[in-house]
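Participant: Before I ask anything, let me first share the structure, which is written out below as structure tokens.
Readers should treat all values here as calculations from the given coordinates under stated rules, not as data from a laboratory. Bear in mind that the values here come from a model prediction, so they are computed numbers and not experimental data. Cβ placement follows ideal geometry from the backbone for every residue including glycine, while neighbour counts extend to all protein chains displayed.
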Amino acid sequence: VTVPLLVIVAFVLVSAVVGVFGRGRGAMNVERWSVGGRRFGVIIVWLLMAGEIYTTFTFLGASGWAYSRGAPAFYILAYGTIGYIISFFLLPPVWRMAKRLGLHTQPDFFLARYSSPALASLAVLIAVVSIVPYLQLQLAGLGMIVEIASAGAISSNMAIVMAFAATCVFVYTSGIKGIAWVAIIKDVAMLVAVAIIGIGLPAMYFGSVGKMFAALMRQHPAHLTFPGATTTMGVGWIISTVLLTGMGFYCWPHTFASAFSAKDDRTLRRNAVIMPLYQLPVLLVFFVGFTALLVIPGLKNPDTALLALVTKSYPGWFAGFIGGAGAVTAMVPAGMLMLGAATLVAKNLYRPLRRVAVSEEHLMRATRSFMLLIAVAALALALWSPHELVRLLILGYDGVAQLFPAIVLGVFARRVTVRPVMLGLVAGILVVIGLIWTGHDPFLGMNAGFVGLAVNAAVTLIAIVIVNAGPPADGRTFETQR
Amino acid sequence: MNHLHPLEVSSATEQGEESCSECAAGVAHSAGRGTIGAVTKRHPVAALVLALVPVVALVAGLPFVNRLQPVVLGLPFLLFWILGWVLVTPIFLTVAYFLIDTKADRTSGGAGQ
């Protein structure tokens, strides 16, 4: 038993215990389990959103991209900011609609606004297809973190199973409130870890961040402008990717639904104001990736750059701390994703498909069962099919962003009915699948998902003129009353 | 009749009293009751324009700043530009917040509680 191993195990266990006891008193129902009874204020909403947005992919992926690709990684700084600006205008009216109609999930929103079970089902399908690989990615990242940080004392698969079991326990018992408590641990640990290594590592090897950049500009002058070390990620790719992912940011069903847990609409707007500051850790992670490029060039897997540099530079207990922080960084979003996907499947596929009435208790049981089912599916994929993750994730992101026109028009244009939105959505998804499948990503220098979204928007707007039949959304659904 | 600007919200409703609380495109409000009087002080268009400034800088600005020099605060210019706009976005959004936050907004949130 080594020191880093003990630190990591302690981290995971403490998080699970905090999560289980974070449920509060009283009986659990779907409203409490999935949206916390809609009582969360600015701080907890901020923690939750940060908890699910800054994932193990940010930790490892951002440093890996800085290491292997250079400037194209900067898109991560920009797209989040665009996403928050959009959320400033978009989430408050979404919240009000959700509050009035008792919505828990994103498909609930589509069903209520467009009165279309078909659109709601399609949204569930897109959600689950996007979430499972995302979940799988968290698990794979977690395995990588723990294996390297513990210097091989815990194998990747062992780490995945252990941390995942802990996550399932607290999500099963406590729902979103348990996740919120663990998110506090995760955010503090991640901020401390990133602040220490982001400033410390460049200082250790070069004296300061500025001197590190000076050395990098001397040795790799092309690394810090687009397209960096790539050939395809020029300015056009960056712009289209920033726009696509910025618009897709709150289209993920779990980020969309986390807005429902706020206690009022202003909380969300205030939250959007402060969220961009949460991008600073990403910057520090970039510093680590760049330092790693100069100190330990030529790694086979760039995603391991941050961990390899940490274990090389710090004593064992600190590597254990980074490993523990990294593990919790994977557990919180994984919990959030499982909870989101399970609520969708139970409420928007299972309940409508059952002919009999489904009581609240029944729905709660079903949601928890689906959570375990989804967890096991992602676990199986992470353990036995670790390939093509990035491809699947890209397809997932390109997929969820196609919901953007349906959401925006749903909120701001009362007279738009389901048909144009559905046509645009299907057209956009077909374009994305077609381009990626035939190897045309990037297409004319642009992200394929962005091309799909442009087609989607064009088809939707044309179809609004031609086939926007039917009555406008009724007054109860839409925003007409205070 | 079918054609709508994406951000436009129809103000013709059966209720006869429209108090859309999230009019990003600034639709004229017909405040029927005195309690919605604060609505007239909102400036949704100004808020939207203000919020668009960082978006334009972070998207349309990129082709013009894709270079290393000048180095500012030790950072290559491209990174400095992106980081700078990320850091000032909360300032823009704070001003936008006060341009669209109203008394009506404050009461609407907890209306059902």
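Participant: Considering only C-alpha atoms, what is the centroid distance from region A:183-259 to region A:401-434, in Å?
Facilitator: 31
Participant: For A:Asn157 and A:Leu125, FRET efficiency with R0 = 22 Å and r from the beta-carbon atoms, rounded to 0.05? Intermediate values should be presented prior to the final figure.
Facilitator: On the way: r = 30 Å, r/R0 = 1.35.
Taking R0 as 22 Å, the efficiency between A:Leu125 and A:Asn157 is 0.15.
Participant: Note the full-extension length gain between A:Lys312 and A:Lys211 as 0.36 nm times their separation in residues minus their Cα-Cα distance, in nm to one decimal. Walk me through the intermediate numbers first.
Facilitator: Details: separation 101, 0.36 × 101 = 36.36 nm, distance 2.06 nm.
Stretched out fully, the A:Lys312 to A:Lys211 stretch lengthens by 34.3 nm.
Participant: Checking the table A:Lys186/A:Lys300; A:Lys263/A:Lys347; A:Lys186/A:Lys211; A:Lys177/A:Lys263 against a 25 Å threshold on Cα-Cα, which pairs fail? Working shown, then result.
Facilitator: Values: A:Lys186/A:Lys300 29 Å; A:Lys263/A:Lys347 22 Å; A:Lys186/A:Lys211 31 Å; A:Lys177/A:Lys263 13 Å.
Flagged as over cut-off: A:Lys186/A:Lys300; A:Lys186/A:Lys211.
Participant: Separate question: Please compute the length gained on full extension between A:Thr232 and A:Val356, using 0.36 nm multiplied by the number of residues separating them and subtracting their Cα-Cα distance. Don't skip to the answer; put the middle values down first.
Facilitator: Working: separation 124, 0.36 × 124 = 44.64 nm, distance 5.37 nm.
Difference between extended and current length: 39.3 nm.
Participant: Collect residues whose amide H, placed 1.01 Å from N in the peptide plane, falls under 5 Å from the amide H of A:Phe443; neighbours closer than 5 in sequence don't count.
Facilitator: A:Ala448
Participant: Name the long-range amide H neighbours of B:Val72: under 5 Å, sequence gap of 5 or more, or other chain; modelled H, no Pro or chain starts.
Facilitator: When sequence neighbours closer than 5 places are left aside, the close amide H contacts are B:Phe77.
Participant: Considering all alpha-carbon pairs of region A:274-351, what whole percent are spaced by more than 15 angstrom? It would help to have the intermediate numbers written out before the result.
Facilitator: Numbers: 2115 of 3003 pairs.
When every Cα pair of region A:274-351 is considered, 70 percent fall beyond 15 Å.
Participant: Distance in nm between label sites at A:His440 and A:Ser115, each 7 Å beyond Cα in the beta-carbon direction?
Facilitator: Output for this residue pair reads 3.8 nm.
Participant: Let me ask you something else. Calculate the radius of gyration of the Cα atoms of chain A to one decimal place, then report Dmax, the largest Cα-Cα distance, as a whole number, both in Å.
Facilitator: Calculated on Cα positions, Rg and Dmax stand at 22.1, 70 Å.
Participant: Test of understanding: extend the Cα→C-beta vector of A:Ile466 to 7 Å, then name every residue of region A:403-424 with backbone N under 17 Å from that spot.
Facilitator: Answer for region A:403-424: A:417-424.
Participant: As an exercise, use a Förster radius of 51 Å and the Cβ-Cβ distance of A:Leu430 and B:Thr94 to find the FRET efficiency, rounded to the nearest 0.05.
Facilitator: The calculated FRET efficiency here is 0.75.
Participant: What angle, in degrees between 0 and 90 and rounded to the nearest 10, separates the Cα long axis of helix A:156-206 from the longest principal axis of the Cα atoms of chain A?
Facilitator: Rounded to the nearest ten degrees, it is 40.
Participant: Also, quick follow-up: Normalised radius of gyration for region A:273-316, please: alpha carbon Rg relative to 2.2 N^0.38 Å, two decimal places.
Facilitator: Working: Rg = 12.7 Å, N = 44, 2.2 N^0.38 = 9.3 Å.
That works out to 1.37 for region A:273-316.
Participant: Once you treat every alpha carbon in region A:35-194 as an equal point and sum by Debye, what is log10 I(q)/I(0) at q = 0.16, 0.18, 0.19, 0.20 Å⁻¹?
Facilitator: Log10 of I(q)/I(0), two decimals: -1.23, -1.45, -1.53, -1.57.
Participant: Just to be sure I understand: if I project the alpha-carbon convex hull of region A:186-325 onto a plane and average over all orientations, what area do I get in nm²? Before the final figure, lay out each step's value.
Facilitator: On the way: hull surface 42.3 nm².
Average projection, Cα convex hull of region A:186-325: 10.6 nm².
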